[in-house]
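A quick write-up on the structure given underneath.
The values are calculated or read from the model by the stated rules, or taken from the named source; none is laboratory data. Everything quoted here is computed from the prediction, not taken from an experiment. Counting neighbours? That spans all protein chains shown, and the Cβs are built from the backbone with ideal geometry, glycine included. Areas reflect the complete protein model, heavy atoms only, side chains present, ligands, DNA and RNA absent. Shrake-Rupley method; radii C 1.70, N 1.55, O 1.52, S 1.80 Å.
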Amino acid sequence: MAVVTYRQALHDTLRAELLRDENVLLIGEEIGIFEGSYKITAGLLDEFGPRRVRDTPISEEGFAGAAVGAAMLGLRPVVEIMTVNFSLLAIDQIVNHAAKIFAMSGGQITVPMVIRTPGGGGQQLAATHSQNLEVYYAHVPGLKVVAPATPADAKGLMAAAIRDDDPVLVLENLALYNTKGEVPDGEHTVPIGTASVIRPGSDVTVVAYSRGTGVALDAARRLEANGVSVEVVDLRSLRPLDRQTVCASVRRTTRAVVFEDDWLSYGIGAEIAATIAEGAFDRLDAPVRRVAAAEVPLPYAKPLELAALPDATALIRVIHETLDASGFTARQAASTAG
Amino acid sequence: MPEIFMPRLSDTMEEGTLSRWLKQEGDLVHKGDAVAEIETDKAVMELEAYDEGPLIHILVAEGTTVPIGTPIAMIGTDSPATAQKPPLEQAAQAPDPSAAPPTPPQDPPAVPATTVATVSDAGEDSEVRTSPLARTLARQNGIDLADLTGSGPGGRIVRADVDAAVPTFSERAAGRSPLVDDDEEVPLSTSRRITAQRLTQSTRQTPHFYLTTIVDAEPLLAFRAQINDRLTEPGLRISINDLLIKGCATTLRTHPQVNASWDTSRILRHRRIHIGIAVATDDGLIVPVLHDADRKTLTAIAREAHGLAQDARARHVSPASISGGTFTISNLGTYGIDHFTAVINPPQAAILAVGAAQPQPIVRNGELGVGTTMALTLSIDHRVLDGAVAAAFLADLKTLLEQPFSIVL
């Protein structure tokens, strides 16, 4: 297994899929000559030519709609939307067309397209360029939404998304592009709709995804020194959501905290909390808690941006509060004293 | 085939014991017939039928305790011979709290409105706070959550609290009693348990403060003797307690702030005055309520209070007779107690503890002499009342009791 960056894993996967299936094509702004704003598509225009790697004007609704049409006719377009913020311009094509054609055609027409788009804050890109809009898409039946946290999952989920017959949004994260990790060589897919227990533990479950998974692992490592065993569940897919894995973990640990970069209200954390209430209520020893971003447009100023985004310190504090809420601290202290 | 369910007869009731069947299998039951006697946490009550027909199956044996909503009998239209009889619920065995009810608790059958409505005890937050896991584990281990003290936020019972109780439980289950030979474990009656639970809750959640005043009891005793001399009704006597009930009710009328309750997060001031009288019974405290005590004559109070106390000791109280109190009097004077403080009967705002009227050295006009005095101690919920308001009430009560003729004005 090679150690590569998240960025490299995405690039290698796109290239491999272009080689594997001639119906795969890439389409988006500046993905050809400029090799992509984040260089994910570096070198692909030279290798595959303009029929397979299409540069477009600034026209998100237009090229997203073109991809829907191409997919309906049997191609497998992979759309790059430069950042998730711009996907709002294409939301009618995504929500009203890509998501619904299979159902509205009575299953006669599939839309095997991928929309890959990076998002997230922390890059000092200010309020309109730092958003996490996953809830907008995860809410919609007919769409699949994945948010890989590691280079290996970036490869596995991207490959699965391209081969899927339904429209899939692959939400990349700007903060992850340079992170490194082992990636399986050769053929590697991750089934869409499966979460992963990325770190086993026994005292509390932290449910996270995308950048949050790394934050959760960091918190887990730091808490281990205090004798707290944190289990980290990486959702990987936001729709379909692997409710079983989440509930099974919480049933083991009896406590849960959800971490997300998105705003708190109506968010993924709310969905997870409800899932746990439905699936693991009788095993809960403390209320489910959520850690999320401050509910403000993300500030540009770096200290303010850092203050608005949730971090490992915030997560650790809430984990402690959750443990305290069910007497964990008292028990630890007692056993130490005894 | 209509079923009869274990009814919910009070807010605090979670399970009931079938103490006696009044109808037998095969008996014809009419609507409104009493079919069984149910022992709840507070009393023994008759269960009426809501359907008509032969009682074809008794599902719960006498002496068995089952959760509310559990079917206890079936009334049918077909003959007893043809219907297949379901097994008798764990007949005569000790109740097994870990056993799930045969059906999930359903809405209890409609109980006559008069019974239900009066049971409601506004603001009585009798819920034991637990985590769902603690509740599950307690049920699995047959532990009563009411016996546990919660270590979580706000006294919430969490897994650690149940775990701590489990060894004790398993030791008992294994027959290895942790008790030494000198001790004897007293089986906890439902009533005792609820008393313990509610009073623990009261001391834990209610910020109490106490005011004591010493009343010159001589005029009161003289007044009582005078009245009793003139009473012609056989067996009727006015007690000091009756005078206190009337005195408190009268004083509450001019101090409506005291006739109040704490209802979760607000104060409820009651327009009617219902005085509870704490009565000790063999297995717990019962507080029958004398409704509208301020509008009743002294003799009516005497008659009613006497009857209520007798019923309470016999545990034959109706939900109506123990509900809705707005103020409570606890009198240990007959036991010779000089002075004590009582625990507030939630959600009420105050309780009056009455000591014995007995000879004491007193100072009158600067001279030491012998008089008869009685200590009154008011326990007050500081969330509802402040010191000055409560003190004014107590001062007026003292004045009234020292000029007892005004009680009957």
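Every condition in (1) at pLDDT 50 or above; (2) open to solvent by 20 Å² or more (accessible area, probe 1.4 Å); (3) more than 21 Å from A:ALA280 (Cα to Cα); (4) away from chain A (no Cβ under 14 Å) is met by B:VAL128 except one, and the failing one is (3). When B:MET13, B:MET45 are screened for being in a loop (DSSP other than H, G, I, E, B) and either open to solvent by 10 Å² or more (accessible area, probe 1.4 Å) or touching a residue at least 24 places away in the same chain (Cβ under 8 Å) (or both), only B:MET13 passes. No other residue among A:ALA42, A:ALA66, A:ALA71 is crowded, with 19+ Cβ neighbours inside 10 Å and either among the hydrophobic types (A, V, I, L, M, F, W, C) or in contact with a Cys (Cβ under 7 Å, 6 or more places away or on another chain) (or both) apart from A:ALA71. Applying the condition of being within 26 Å of the chain's Cα centre (by Cα) and of a type outside the set (Ser, Thr, Tyr) to the stretch B:206-235 and asking which residue is most open to solvent (accessible area, probe 1.4 Å) yields B:PRO207. Residues in the stretch B:275-314 that are open to solvent by 10 Å² or more (accessible area, probe 1.4 Å), farther than 30 Å from B:VAL186 by Cβ, of a type outside the set (Asp, Glu) and touching a strand residue (DSSP E or B) at 6+ places or on another chain (Cβ under 8 Å): B:LYS296 only.
Report, by residue number, each residue of the stretch A:168-197 that is of a type in the set (A, V, I, L, M) and assigned to a strand (DSSP E or B). Lay out the reasoning, then the answer.
Keep residues of the stretch A:168-197 that are of a type in the set (A, V, I, L, M), which gives A:168-171, A:174-176, A:183, A:190, A:192, A:195, A:197.
If the condition is that a residue be of a type in the set (A, V, I, L, M) and assigned to a strand (DSSP E or B), then A:VAL168, A:LEU169, A:VAL170, A:LEU171, A:VAL183, A:VAL197 are the ones that fit.
Quick one: in the stretch B:150-166, which of the residues that are open to solvent by 30 Å² or more (accessible area, probe 1.4 Å) and at pLDDT below 85 is farthest from the other protein chains (Cβ to nearest Cβ)? Residue satisfying both the conditions and the ranking: B:VAL166.
Yes/no per residue for (1) surrounded by fewer than 24 Cβ atoms within 10 Å (Cβ to Cβ); (2) not in a helix (DSSP H, G or I); (3) not charged (D, E, K, R):
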| position | (1), (2), (3) |
| --- | --- |
| A:PRO112 | yes, yes, yes |
| A:ILE115 | no, yes, yes |
| A:GLY121 | no, yes, yes |
| A:THR128 | yes, no, yes |
| A:VAL135 | yes, no, yes |
| A:ALA152 | yes, no, yes |
| A:ALA159 | yes, no, yes |
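Restricting the stretch B:273-286 to residues that are assigned to a loop (DSSP other than H, G, I, E, B) and at pLDDT 90 or above, the residue that is nearest to B:ARG193 (Cα to Cα) is B:ALA278.
Every condition in (1) closer than 24 Å to A:ARG20 by Cβ; (2) under 17 Å from the mean Cα position of the chain (by Cα); (3) open to solvent by 20 Å² or more (accessible area, probe 1.4 Å); (4) of a type outside the set (S, T, N, Q) is met by A:HIS188 except one, and the failing one is (2).
Listed here are the helices (runs of 4 or more DSSP H) enclosed by the stretch A:247-325 that have at least 1 residues being within 14 Å of chain B (Cβ to nearest Cβ) and modelled with pLDDT under 95: A:268-280, A:312-324.
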